[in-house]
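Quick notes on the structure that follows.
The values are calculated or read from the model by the stated rules, or taken from the named source; none is laboratory data. Nothing here was measured: the structure is a model prediction, and the numbers come from that model. A quick note on method: Cβ atoms are made from the backbone with ideal geometry, for glycine too, and the neighbour counts reach across all protein chains shown.
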């Protein structure tokens, strides 16, 4: 008797659970992430406009159609310095396929006079942007350096890597995944 | 709250997971004798699969991305946690646990019972790490306890997850070891899967399949049915075999 009662209650649990699955189905068929700008995977990359070390102005949303790596860095950050040669190497290798790098220096918490010498020392040819007010740091909820955001050609963040240095293989797998998208 | 988020921001959120494993192991060691499992076996069945998880996850990732590693083989020993295949790592960990269990002739259900505190406290650690990293975020809501995230009010899904994990942990804490080996573990699994199935409805990052159904809920329902089947009678037959195995191994 006790056995039958238990089985009946378990059946009831399963029926209730099944009903809950259908009740809570997302009728819109799309995840909440959608097109809301946020520094998270599957969200729209928050837009920004910054000046480069060469005085040129670059807007992230103008780069739609290209795969973009937004790398937040500072000259005093060891892992940031360590990963720059690998980023440069892969930028050279993949830029012809529509890949670009925006290296955003956190100038508001860095020594601005050390940025250009660092760029020259490492022969960096991708755009180096200067975040003098902390606008991008705030929009991308910066908590650790370096922070890297791999953005696809639709402007959607496909991967977020917090910390570093990123190895060449890591960069290569993420860039190739972006380009395949 | 903001201090907690700053301290355990990614990748430091992993500290919470490691701490949870450590605390879980402490309690599992205390309770293992009640389930007839030796401490040495308990430690090995946790640490060997963990090593398998770490090495297996990295190796499988390298095989899947062979061309990237062929051009840069030293990346195989890179400290980047993202060069990893989590599901592949789990598969290898499972295989290592099975091989160890078979070689040491460990009884399945008592061993799983002994591991239950580790799993229950691990779930609390995972929930806390979700809160710290912002993963498993909630869907939009207009309820008064919604939290503002990315410009909209959302369900505090990570808080729900922490509460559920703590409730399940406290239920297990006061549960006396059952007569049948495996019941303690299956109760934990049933409760955890049930909680996931219920709470998934409030998540904003669900994988949606046909008809707007949430994949995690469908998978959870299948596992819930399996655990209830075992609790509802299936376990009796399995336990008989398990008890007989234990008696044989004691002789």
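The table that follows gives values for the structure above.
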read-out: Matching helices (runs of 4 or more DSSP H) fully within the stretch B:20-126 where at least 2 residues are within 14 Å of chain A (Cβ to nearest Cβ) and buried (at least 16 other Cβ atoms within 10 Å of the Cβ); value: B:39-64, B:66-71
read-out: Residues (over 25 Å from residue B:141 (Cβ atoms) and not in a helix (DSSP H, G or I)) located in the stretch B:167-224; value: B:174, B:175, B:176, B:177, B:178, B:179, B:180, B:181, B:182
read-out: Selection within the stretch B:134-163 - within 11 Å of chain A (Cβ to nearest Cβ), buried (at least 22 other Cβ atoms within 10 Å of the Cβ) and not in a strand (DSSP E or B); value: B:137, B:155, B:157
read-out: All strands (runs of 3 or more DSSP E) inside the stretch A:51-111 with 3 or more residues being closer than 20 Å to residue A:175 by Cβ; value: A:67-73, A:99-105
read-out: Of residues in the stretch A:148-181 being more than 9 Å from chain B (Cβ to nearest Cβ) and assigned to a strand (DSSP E or B), the one farthest from residue A:35 (Cα to Cα); value: A:148
read-out: Qualifying residue in the stretch B:49-69 (condition: over 16 Å from the mean Cα position of the chain (by Cα) and closer than 18 Å to residue B:121 by Cα); value: no
read-out: Unmet requirement for residue B:219, which otherwise passes all of (1) farther than 16 Å from residue A:13 by Cβ; (2) at pLDDT 95 or above; (3) in contact with a helix residue (DSSP H, G or I) (Cβ under 7 Å, 6 or more places away or on another chain); value: (3)
read-out: Filter pass, residue A:169 being crowded, with 22+ Cβ neighbours inside 10 Å, without any contact (Cβ under 8 Å) to a residue 12 or more places away in the chain and farther than 12 Å from residue A:72 by Cβ; value: yes
